[in-house]
Amino acid sequence: MNNRPLLMALIGAAFAVSAAYAAAQAADGQGTASLSMDGDQMRSGPYVYENNQWGKAKANGAFSQSILRRTVDGVPQYGWSWDWPGYNASVFAYPEVIYGWKPWSGGRSTDPKLPMKVTDIRTMQMIFDLDLQATGGYNIAPEIWLTSTGEASARAAPARITTEVMFWMDHNNTQPAGTFMEKVAVDGFDYQLWKLDSMGDKGNGQGWAYYAFMSARPQNKATLDIRQFIQYLLSKNYIAAENYVASIEFGNEIAGGKGTAWLRKYALIIE
């Protein structure tokens, strides 16, 4: 059988896919590259920038959201932009940067130190400087996912999730899920701690515990000492010592409106 026509067709299809991908990343007049499909990713070392549109089924009409890359003074910067019409308090999307092993995705951890048992953490700091221009409903919300085991499996394993901990560094027309519990002071900043006993569905009909530390004043630029928050939760028996930090993430939860975010600086220090 002559496979040349099939071979040429496959080559043509591969070229078309490659061309489409290249076009998606094509730089505009300002030198900005973008990817706009749900789940699209850009990677910089152990940091994975993902166009997370997890709530797109709730969209009120046509929407757009992209992850972005540009170069400033010879240094690459990453970010994202969005345009979600309407408003939904339960959130349309979470464009983000992922570090470690995300239980919703599986695969190899971007850092072999994660998942890390919460009692083994000596240092866990997030350093960021975010340039954000936005309207509507949104927050600036780093977060960590805690799991019951330290395994980083190839397959997604959301059933291992025990707790989601978010850090609301700024917000507009939004508030955390659950109810207000207490006020907490960390590194000279005051936070409100919110809790929801059961959030979402891990795929087994069960939810996970949700905590949100909401800053009393905006922090678009900060060194977030995640370990101190974990120690507080441990001291109050809100989380178990047997838990593991599987992934550390940073993004904007989008409840509606338009915006563009650029991370002028982003780094994690973990020991």
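Only strands (runs of 3 or more DSSP E) whose full extent lies in the range 82-152 are considered here, and the ones with at least 1 residues that are within 26 Å of S215 (Cα to Cα), of a type in the set (D, E, K, R) and out of contact with any helix residue (DSSP H, G or I) (no Cβ under 6 Å at 6 or more places or on another chain) are 96-100, 124-134, 143-147. When the range 242-261 is filtered for residues that are within 12 Å of V97 (Cβ to Cβ) and surrounded by fewer than 21 Cβ atoms within 10 Å (Cβ to Cβ), nothing remains. Beta carbons closer than 6 Å, at least 6 apart along the sequence or on distinct chains, pair a first residue in the range 134-160 that is within 20 Å of A89 (Cβ to Cβ) with a second that is in a strand (DSSP E or B) and among the charged types (D, E, K, R) for T135/K258; I140/D170; E143/E249. Going through (1) surrounded by fewer than 17 Cβ atoms within 10 Å (Cβ to Cβ); (2) in contact with a helix residue (DSSP H, G or I) (Cβ under 8 Å, 6 or more places away or on another chain); (3) at pLDDT 95 or above one by one, D187 falls short only on (3). Of all residues in the range 50-73 being small (G, A, S) and in a strand (DSSP E or B), which is surrounded by the fewest Cβ atoms within 10 Å (Cβ to Cβ)? By that ranking, first place goes to S64. Residue count for the range 213-247 under the criterion of being farther than 18 Å from T147 by Cβ, of a type outside the set (S, T, N, Q) and not in a loop (DSSP other than H, G, I, E, B): the result is 7.
Would you confirm, using the coordinates I've provided, whether Y232 is touching a Lys or Arg at 6+ places or on another chain (Cβ under 6 Å) and of a type in the set (S, T, Y)? The answer is no for Y232.
Checking each residue in the range 153-176 for being part of a loop (DSSP other than H, G, I, E, B) and either buried (at least 17 other Cβ atoms within 10 Å of the Cβ) or hydroxyl-bearing (S, T, Y) (or both) picks out S153, A157, M169, T174, P176.
Take T147 and decide whether it is of a type outside the set (D, E) and under 16 Å from L233 (Cα atoms). The answer is yes for T147.
Taking the criterion of being over 21 Å from Q228 (Cβ atoms), out of contact with any Gly (no Cβ under 7 Å at 6 or more places or on another chain) and part of a strand (DSSP E or B), the residues of the range 177-199 that qualify are T179, D197.
The values are calculated or read from the model by the stated rules, or taken from the named source; none is laboratory data. The structure presented is a predicted model; accordingly, all values stated were derived computationally and were not measured. Neighbour counts run over all protein chains shown; Cβ positions are idealised from the backbone, glycine included.
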